[in-house]
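Before any comments, here is the structure.
The values are calculated or read from the model by the stated rules, or taken from the named source; none is laboratory data. Predicted model, so just to flag it, every value in this text is computed and none were measured. Side chains are part of the model used for accessible areas, which takes the heavy atoms of the whole protein and leaves out ligands, DNA and RNA. Shrake-Rupley method; radii C 1.70, N 1.55, O 1.52, S 1.80 Å.
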Amino acid sequence: MVACDTCGLVQQVPPLAPGMVAECIRCGSFIAARRSLSSLHVTAALSLAALILYVPANIYPMLKMYMYGAYSENTVWDGIVLLAQHDQWVVAFIVFMASMVIPLVKLAGLFSLVVTSSTGWGRRLRARTQLYRFIDAVGPWAMLDVFLLAVLVALVKLSTWAKVIPGPGLFAFSLVVVLTMFASAAFDPKLIWERR
């Protein structure tokens, strides 16, 4: 039994085959969807690409700044170290967790779910479902998109005082943000429970 989000009609939806969707009989809105097995390939490709780009996003400088003759390049790690040196331990820890640890855990978890689901591995299904719930719950706390927005706002605000040039790390970081969002959206947790 599923209630339509648009019109509120409660109706029974039969089990759907992969790639099928169910429409509301009253208003025609989609009320249930079953992604095909190709969503595993899409999620794998997106999460693997984001994992590969994660390295240059954290190694290369995010910003290059020229201010009154001084030049500086900063990576995400440099910002964390600078915050810690100025006794901002809580903020440094939050930035470290939100921009380095949580995205890596999320991407590695998604990739492992894809691998185990595509092989039809029938063991530890509850644990894998809990891993998916954890990834889903920790997603908003990764704050990659907020971090990226803060960097872009800084670029605009500092442009009158200094010459700020986005570094290669910012482009890689932007791609990691976008690919992570798409990878999370493409994964269908029902595929964890399917055995082939």
Seminar exercise, completed: Whole-number value, in Å³ per residue, for the convex hull of the alpha carbons of the range 1-142 is 189 Å³
For this session: Express in % the proportion of alpha carbon pairs of the range 31-99 at distances exceeding 19 Å.
Result: 58 percent
Exercise. Kirkwood Rh over Cα pairs of the range 1-50 into Stokes-Einstein at 4 °C, 1.567 mPa s: D in µm²/s?
Worked result: 105 µm²/s
Exercise. Can you pull the percent of the range 36-82's accessible area that's carbon plus sulfur, 1.4 Å probe, other chains left in place?
Worked result: 72 percent
